């Protein structure tokens, strides 16, 4: 990159922009707002699942950075031409894959303000508003979903914004681990056992691995269709008893409200009662479904949460906050702080020493933290409780519509009763083809059939859904929650599925 | 919150906004851009360090969320009236505390695009552009700071964007730990030892704690002023030898380029040579200073990095990306993937199975990930190598100016020779007051004096600096790097320091 002399010469010759000129910021900011508003206008026209091939972008982009500044107009043109085709459009109204990434105008604006202020809110002093707003909105939200007072600041607990559920689990697992190791001795780490079901999100296994739980001490307890794939308290107790008998130390259970594969619900109250007998920390992962509890008709799914140690949900999933925004509440903040606090000299300050303030760095993995509360605050205020309920209910209503349409078509089956706004369904092998075959053989053929159907639908680019395998059965997941989705899109989606199924079934003849 | 019937009634009566209406997005987006542009115009007028008292915000904000939507105009008015006074203005040109949070127009716009697309880029399939752009820009940036080819994709290594250095350290430490435990047995975790110096960032101790290193097996090796607080390879070797003799297993060293307290530099090459003899993973934490290597005259500080296992720097610190953007490169991506990968059925897809793509979920703690590469790409393109060098050099030049001014005033001393764009200085006790006193007593008085000086300056709201204690000496850190800072601000800052010092010294008489 040239000698120092040449660089200095070059520096003197080039006309350098300023990194932050308020008027240039304004001009370019308006351009990008218009770019994104136009994107939302057109997003239903793009193939939902990107159709590019691996390595597409390196053919379009040079392999070194430019030496001189490029204008935003050129860059936005490249975003449109080179990046947009490589995007899988989570914001498309035709997006039904994984779980939704339900961005909103308010969520976007909140992130803009947070990014614009660009504070690094590790402790209270580094920006009091960031800490205090977080404390306030976490109590707001806790009350909205009717969390027990013991999880609120006003009741001795407290909430904190993490990036993702993975972090929420990692932090609470570390807290639980250190709490018990402080009692039984640090060397006992190899005896600790972590529990989930075979439906629990992979985040639990990864967190257990990171905190040093022996892989042989991780339990994915089997669930059954007869229980709608919820974790049975009896199975949990059995596992605990066996581990104790083997000289191990039960540590932590992650119970789920709305599993990724099929939105199954673990019975929290029963699991907590068992956990209590063995001194096990219970974390409730309601990543997808927690926000639905803002509607009283869904609140019963978290009944018993008052017996759990911690609870989290992703407000960026089905609660209209742009990624990332995971809401974690704990009943015993001291357990987090004891495990995760640091107190280097260069961060010491009077406010911390006064013990009148919260330093959220001690509630999370990282030191630095963005001002995420701004985003959540904007979403809660811009929509209010009434409209947030309305949004959730409109998704549930559309899911019910889809479910009804599937049920009316005898070529398909609903695999599990719908709980929230996701429908699990599959195409059946026509009876003319299945008769005389063993049931296992039929399921195997159907699994392959549904895999083909899903790939055909997704390759069309018209809609995007994803799959799961539950109890050995391949199911198609239709998760409603994209912010732009309306009834007409859902009807269109069902037509797309039917058309592809028809074509696929025709090939069987 | 009312019965279900009442809620449904209410839902029917309220006029609900849409969560994402493109024209409303456009209108509100423009309002927020103007709000932020105006904020940047006025940010030098606010007290830099917020002057609010703990608990100020709960007096201004209700304790429950509103039931009905509120207009953005009202919310922005509240941001101005209630939030801005509680912000410590990291974007102020008069901000010299901690390390800078150097946001820029391009960094902001990149974050806007990322937030607007709102994709969840856990694997290639979930949005190919996000993965491929990250791969490309990490090689761009690696070349810009002249990283050895072994850290680039083009050379068998690779870079990945993390949120913070804490995460980069946690991921590489987990990788190093599992690599060695896979050889010596999982039960050996209690024998592993982690090394840093007494100047290493607290992120290392926290990461070691999270991954289950025994607290007694954490080494903060002493450094000395005679070495400018760099970690001596001889001291490191001594610690290793002692640990081996005690039956322990050395695991991981974090070496630092630009420590938080005083921007000290650990001699990487020498440390890596020692580490190699003992099979220790070396991570180089250049959180603050790594970006400066884009200027050839600073590149020598990371000489020897080709012998390290991993290297990271925070592009959100002194490289014009808004928070958060930590760039991590590793020579052996497989070590990360082996320790952090998950492969649940619901994420399985053809691209992953083809092994032609990268799934960055296996390079980090969390599953979900934002499209951070967009931000870095916009910064690199909007400014280009030439202007980025120019920005860095202008900060260094201003730091030199400040250093010169301090040196000219005999009441002060520069505590350590400046390395980058931070000046470590302190006020001295006048000789008339120090004579006849023991040197230790003089330092103790001076420490108190500087603490008072710093608090007086910061309380004025005119500028904001922070402190460190190095080798028992309290120093004031003047870190230049805020994107709006110009020479006139630095001259003003020095005047503010002098004025307060004069007032303080007068009280000694």
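The values are calculated or read from the model by the stated rules, or taken from the named source; none is laboratory data. For clarity, every value in this text was computed on a predicted model and none was experimentally measured. Don't worry about glycine lacking a Cβ; one is built from the backbone with ideal geometry, like all the others, and counts go over all protein chains shown.
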Quick test for you: out of A:113, A:147, pick the one residue that is at pLDDT 95 or above and within 7 Å of chain B (Cβ to nearest Cβ). A:113
Across (1) over 17 Å from residue B:327 (Cβ atoms); (2) more than 7 Å from every other protein chain (Cβ to nearest Cβ); (3) part of a helix (DSSP H, G or I), residue B:410 clears everything bar (3)
Check on residue A:454, within 13 Å of chain B (Cβ to nearest Cβ) and either crowded, with 20+ Cβ neighbours inside 10 Å or not in a helix (DSSP H, G or I) (or both): yes
Failed condition for residue A:428, given (1) within 12 Å of chain B (Cβ to nearest Cβ); (2) out of contact with any helix residue (DSSP H, G or I) (no Cβ under 6 Å at 6 or more places or on another chain), with all others met? (1)
Give just the number: which of (1) surrounded by fewer than 24 Cβ atoms within 10 Å (Cβ to Cβ); (2) within 9 Å of another protein chain (Cβ to nearest Cβ); (3) in contact with a strand residue (DSSP E or B) (Cβ under 8 Å, 6 or more places away or on another chain) does residue B:188 not satisfy? (2)
Can you confirm whether residue B:154 is touching a residue at least 40 places away in the same chain (Cβ under 8 Å), over 18 Å from the mean Cα position of the chain (by Cα) and not in a loop (DSSP other than H, G, I, E, B)? no
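Quick grid of which residues meet (1) buried (at least 22 other Cβ atoms within 10 Å of the Cβ); (2) within 14 Å of another protein chain (Cβ to nearest Cβ); (3) touching a helix residue (DSSP H, G or I) at 6+ places or on another chain (Cβ under 9 Å):
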residue: A:234; (1), (2), (3): no, no, yes
residue: A:251; (1), (2), (3): yes, yes, yes
residue: A:280; (1), (2), (3): yes, no, yes
residue: A:307; (1), (2), (3): no, no, yes
residue: A:311; (1), (2), (3): yes, no, yes
residue: A:318; (1), (2), (3): yes, yes, yes
residue: A:325; (1), (2), (3): yes, yes, yes
Residue A:160 fails exactly one of (1) within 18 Å of the chain's Cα centre (by Cα); (2) at the interface with chain B (Cβ under 7 Å from one of its Cβ atoms), namely (2)
Would you point out the residue of the stretch A:487-509, among those that are surrounded by 13 or more Cβ atoms within 10 Å (Cβ to Cβ) and under 14 Å from residue A:428 (Cα atoms), that is farthest from the chain's Cα centre (by Cα)? A:505
Residue under evaluation residue A:156, criteria (1) in contact with a strand residue (DSSP E or B) (Cβ under 8 Å, 6 or more places away or on another chain); (2) surrounded by fewer than 24 Cβ atoms within 10 Å (Cβ to Cβ); (3) over 27 Å from residue B:166 (Cα atoms), criterion not met: (1)
Would you check which residues across the stretch B:351-398 are touching a helix residue (DSSP H, G or I) at 6+ places or on another chain (Cβ under 7 Å), part of a loop (DSSP other than H, G, I, E, B) and either over 23 Å from residue A:49 (Cα atoms) or within 7 Å of chain A (Cβ to nearest Cβ) (or both) and list them? B:357, B:364, B:365, B:366, B:367, B:370
So residue A:85 passes all but one of these: (1) part of a loop (DSSP other than H, G, I, E, B); (2) at the interface with chain B (Cβ under 8 Å from one of its Cβ atoms); (3) surrounded by fewer than 21 Cβ atoms within 10 Å (Cβ to Cβ). Which condition number does it fail? (1)
Which of (1) more than 12 Å from chain B (Cβ to nearest Cβ); (2) out of contact with any strand residue (DSSP E or B) (no Cβ under 8 Å at 6 or more places or on another chain); (3) assigned to a helix (DSSP H, G or I); (4) surrounded by fewer than 20 Cβ atoms within 10 Å (Cβ to Cβ) does residue A:244 not meet, given it meets every other one? (2)
Report whether or not residue B:302 is crowded, with 24+ Cβ neighbours inside 10 Å, within 7 Å of chain A (Cβ to nearest Cβ) and either within 24 Å of residue A:166 (Cα to Cα) or in contact (Cβ under 8 Å) with a residue 40 or more places away in the chain (or both). no
Could you tell me which residue of the stretch A:32-53 is farthest from the other protein chains (Cβ to nearest Cβ), considering only residues that are in a helix (DSSP H, G or I) and exposed (fewer than 15 other Cβ atoms within 10 Å of the Cβ)? A:45
So for the stretch B:164-184 (the condition being assigned by TED's automatic domain parsing to the domain that holds residue B:221 and assigned to a strand (DSSP E or B)), does at least one residue qualify? no
Residue check: is residue B:69 over 22 Å from the mean Cα position of the chain (by Cα) and at the interface with chain A (Cβ under 7 Å from one of its Cβ atoms)? yes
Within the stretch A:300-324, track down each residue that is part of a loop (DSSP other than H, G, I, E, B) and more than 16 Å from residue B:117 (Cα to Cα). A:303, A:304, A:308, A:309, A:319
Between a first residue in the stretch B:448-472 that is more than 30 Å from residue B:222 (Cβ to Cβ) and a second residue that is assigned to a strand (DSSP E or B) and modelled with pLDDT of 95 or more, which pairs have beta carbons less than 7 Å apart while being 6 or more apart in sequence or on different chains? B:458/B:464; B:464/B:95
Please work out if residue B:401 is surrounded by 14 or more Cβ atoms within 10 Å (Cβ to Cβ), closer than 27 Å to residue B:228 by Cβ and touching a strand residue (DSSP E or B) at 6+ places or on another chain (Cβ under 6 Å). no
Have a look at A:442, A:473 and point out the one that is in contact with a helix residue (DSSP H, G or I) (Cβ under 8 Å, 6 or more places away or on another chain) and within 14 Å of another protein chain (Cβ to nearest Cβ). A:473
